[in-house]
Amino acid sequence: MSHEIQHKQCKVCDQLKVRIAAGVFQKRKGKRWVDEGGRLWNGLVCPDCHAARAQVNMRRLRSKPNDQIS
């Protein structure tokens, strides 16, 4: 089985990083891209940047009182 390997530029950090095709998603039938460590890419956002953005968003979400969440 051959693996498709690409060098893509992350749209957040603008660094050239490796992404590897690791099968397809079940329902959407799109390719599943991972980095060398097996962490999933989110579109054109590398796993490191996606984790950092998710952390900021969750911290912001959890800091608000429940009545102000829309």
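Summary table
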{"item": "Matching option when the condition is part of a loop (DSSP other than H, G, I, E, B), free of Cβ contacts under 8 Å to residues at least 12 places away in the same chain and more than 13 Å from the chain's Cα centre (by Cα), among R60, R28", "result": "R28"}
{"item": "Residue that is surrounded by the fewest Cβ atoms within 10 Å (Cβ to Cβ), among those in the stretch 1-20 that are in a loop (DSSP other than H, G, I, E, B) and of a type in the set (D, E, K, R)", "result": "D14"}
{"item": "Unmet criterion (only one of (1) exposed (fewer than 10 other Cβ atoms within 10 Å of the Cβ); (2) at pLDDT below 90) for K64", "result": "(1)"}
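The values are calculated or read from the model by the stated rules, or taken from the named source; none is laboratory data. Because the structure is predicted, anything quoted here is derived from the model rather than measured. In this analysis, Cβ positions are derived from the backbone assuming ideal geometry, glycine residues included, and neighbour counts consider all displayed protein chains.
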